[in-house]
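Enquirer: One structure, pasted below without further comment.
The values are calculated or read from the model by the stated rules, or taken from the named source; none is laboratory data. Just so it is clear, the model here is predicted, and its values are computed rather than measured. Backbone-built Cβ (ideal geometry, glycine too); neighbour counts: all protein chains shown.
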Amino acid sequence: MSGRLSPLATANFRWFFIGQVINRLGGSMAGVALAFAVLEIDDSASALGWVVAASSIPMVVFMLLGGAIADRLPRAVVLRGCNYVQGVAQSITALLVVTGRAEIWHLIVLQAVAGVVFAVSYPAFLGMVPILLPAEERQSAFLLIGQATSAVSIVGPALSGVLVATAGPGWALAIDASSYLIAASLLVLVRLPPGDRSTAKASVLGDFAAGWAFARKLGWVIPGASCALVFNALVSGGVNVLGPVIANDTIGSQGWGLATSAQAVGIFVAAFFLAKARLTRPMKAIMIAFVLWCVPLLVLGTRVEIWLLALAFFIAGAALSLLDLSWNLLVQEKVPEAMLSRIMAIDGFFSFVATPVGQIAVGPLVGAFGATGVEIGFFVVAVLVACFALTRRVLTDLRLTGAPPPELA
């Protein structure tokens, strides 16, 4: 098997990977289906906002504790249990929608359950690769997962749109539910020895406190995650919210959809080149990637044409591939296995909490400075934050050496 695909020769990773691809395909269909399911019940943006918030709020609130749980228990078991719960919750959602009995409050409660479960499964998932594969296989594994995610992010919404239009949103939600149950079943085949948890505290809260203290001790986790917060806020507001508004007045919804799909292509293509790359200064790569991820902001604020915006999103996708690889390699080399999920949860918390910040802030800013001014201003902020971060030696002095992760005292 070629070097790029060599992680699949390891049975444990192979079952994990197949399950996650199936899971991601179902998940990529659920967003479209859930939106139309809500609009069939109550054709209002307010109702849709409540349902979306019902998932995102508990996801952020419980993310840090979720990391502690994922480190405290065997990650494969945690991930399998989360998939079963998600599968049951989404099955109930699908049944209610298909039978026409769904009400908004039903969907809010079920999405709240999904948000809590995601807060645990996300850090557990991010801590899996280092315990499934030796260090020399992990770069290829991270890139394979990124390529698979980008591919299903193109295929999934398109399939969901067809299914929603022909059979109704409930059936697309049913496919998502089945994907969770299939992924959970495949995780049964992942056989791993129990990790050393002799340093675990007496409670989950104690483990959380120990994780936060360890992140502060490392010195680079919280500054890096803080930068991620800023960049995620800029993109969530400037691209995800303001972008469609600008596109509606310029290239239209079809042009916007075509341009944004180039981001997934960028992720997929970049992985082929990154498979042979040797990263030694991960934080420098991350800050450069963050700025490149924001290139669509510059195009949206200057010259909005489909081909130019598609190129910008392609660059952003390639940057995301570099960013994710650099961060994953950095964490798996510098963080003990028993702390992996907690450190990943800190990064996830900062990233996810930034999304509503950007979405809320962009409206008043547009009223004050105009859409063009906001887009250009956001890009300038991105460049300035990256430049400032690159002056911090606690970030720039970090090197990847290939050494095994340290033992937890």
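Enquirer: Restricting the range 240-264 to residues that are of a type in the set (Ser, Thr, Tyr) and without any contact (Cβ under 8 Å) to a residue 60 or more places away in the chain, which is farthest from Val155 (Cα to Cα)?
Expert: Our first condition is that a residue be of a type in the set (Ser, Thr, Tyr); within the range 240-264, this holds for 250, 253, 260-261.
Add one more test, that the residue is without any contact (Cβ under 8 Å) to a residue 60 or more places away in the chain, and what stays is 250, 253, 260.
On the way: Thr250: 26, Ser253: 18, Thr260: 14 Å.
Among residues in the range 240-264 that are of a type in the set (Ser, Thr, Tyr) and without any contact (Cβ under 8 Å) to a residue 60 or more places away in the chain, the one farthest from Val155 (Cα to Cα) is Thr250.
Enquirer: Another question about this same structure. Select from the range 396-409 the residues that are in contact (Cβ under 8 Å) with a residue 24 or more places away in the chain and under 26 Å from Ala316 (Cα atoms) and list them in ascending order.
Expert: Across the range 396-409, the qualifying residues are Thr396, Leu398, Arg399, Leu400.
Enquirer: Here is a further query. Looking at the structure I just gave you, is Arg393 free of Cβ contacts under 8 Å to residues at least 60 places away in the same chain and in the same structural domain as Leu279 (by TED's automatic domain parsing)?
Expert: For Arg393, the condition - free of Cβ contacts under 8 Å to residues at least 60 places away in the same chain and in the same structural domain as Leu279 (by TED's automatic domain parsing) - is met.
Enquirer: Could you tell me how many of the residues in the range 360-399 are within 25 Å of Asp249 (Cβ to Cβ) and surrounded by fewer than 16 Cβ atoms within 10 Å (Cβ to Cβ)?
Expert: Looking only at that region, the number is 10.
Enquirer: Considering every residue within the range 224-239, establish whether at least one is surrounded by fewer than 21 Cβ atoms within 10 Å (Cβ to Cβ), of a type in the set (Gly, Ala, Ser), free of Cβ contacts under 8 Å to residues at least 60 places away in the same chain and assigned to a helix (DSSP H, G or I).
Expert: No, the range 224-239 contains no residue that is surrounded by fewer than 21 Cβ atoms within 10 Å (Cβ to Cβ), of a type in the set (Gly, Ala, Ser), free of Cβ contacts under 8 Å to residues at least 60 places away in the same chain and assigned to a helix (DSSP H, G or I).
Enquirer: Then there's this: Kindly indicate whether any position in the range 323-338 is assigned by TED's automatic domain parsing to the domain that holds Met287, of a type in the set (Lys, Arg) and crowded, with 22+ Cβ neighbours inside 10 Å.
Expert: Looking through the range 323-338, none of the residues is assigned by TED's automatic domain parsing to the domain that holds Met287, of a type in the set (Lys, Arg) and crowded, with 22+ Cβ neighbours inside 10 Å.
Enquirer: Out of everything in the range 135-189 that is outside any helix (DSSP H, G or I) and either in the same structural domain as Leu329 (by TED's automatic domain parsing) or touching a residue at least 40 places away in the same chain (Cβ under 8 Å) (or both), what residue ends up being surrounded by the most Cβ atoms within 10 Å (Cβ to Cβ)?
Expert: Gly168
Enquirer: Can you tell me how many residues in the range 93-103 are buried (at least 17 other Cβ atoms within 10 Å of the Cβ) and within 19 Å of Leu48 (Cβ to Cβ)? Full working, then the answer.
Expert: Filtering the range 93-103 for residues buried (at least 17 other Cβ atoms within 10 Å of the Cβ) gives 93-94, 96-98, 102.
Next cut, within 19 Å of Leu48 (Cβ to Cβ) only: 93-94, 96-97, 102.
Result for the range 93-103: 5.
Enquirer: If you scan the range 9-28, which residues turn out to be of a type outside the set (A, V, I, L, M, F, W, C) and either touching a residue at least 60 places away in the same chain (Cβ under 8 Å) or surrounded by 22 or more Cβ atoms within 10 Å (Cβ to Cβ) (or both)?
Expert: Those that are of a type outside the set (A, V, I, L, M, F, W, C) and either touching a residue at least 60 places away in the same chain (Cβ under 8 Å) or surrounded by 22 or more Cβ atoms within 10 Å (Cβ to Cβ) (or both): Thr10, Asn12, Gly19, Gln20, Asn23, Arg24, Gly26, Gly27, Ser28.
Enquirer: If you don't mind, there's one more thing I want to ask. So is Arg80 within 18 Å of the chain's Cα centre (by Cα) and charged (D, E, K, R) or not?
Expert: no
Enquirer: Sticking with this structure for a sec: Would it be correct to say that Met287 is touching a residue at least 60 places away in the same chain (Cβ under 8 Å), in contact with a Gly (Cβ under 8 Å, 6 or more places away or on another chain), buried (at least 20 other Cβ atoms within 10 Å of the Cβ) and more than 15 Å from Trp256 (Cα to Cα)? Reasoning before the result, please.
Expert: Values: touching a residue at least 60 places away in the same chain (Cβ under 8 Å): yes; in contact with a Gly (Cβ under 8 Å, 6 or more places away or on another chain): no; buried (at least 20 other Cβ atoms within 10 Å of the Cβ): yes; more than 15 Å from Trp256 (Cα to Cα): yes.
No: the conditions fail for Met287.
Enquirer: Taking the range 265-281 as the search range and keeping residues that are without any contact (Cβ under 8 Å) to a residue 60 or more places away in the chain and not in a helix (DSSP H, G or I), which one is surrounded by the fewest Cβ atoms within 10 Å (Cβ to Cβ)?
Expert: So, considering only residues that are without any contact (Cβ under 8 Å) to a residue 60 or more places away in the chain and not in a helix (DSSP H, G or I), the one surrounded by the fewest Cβ atoms within 10 Å (Cβ to Cβ) is Arg278.
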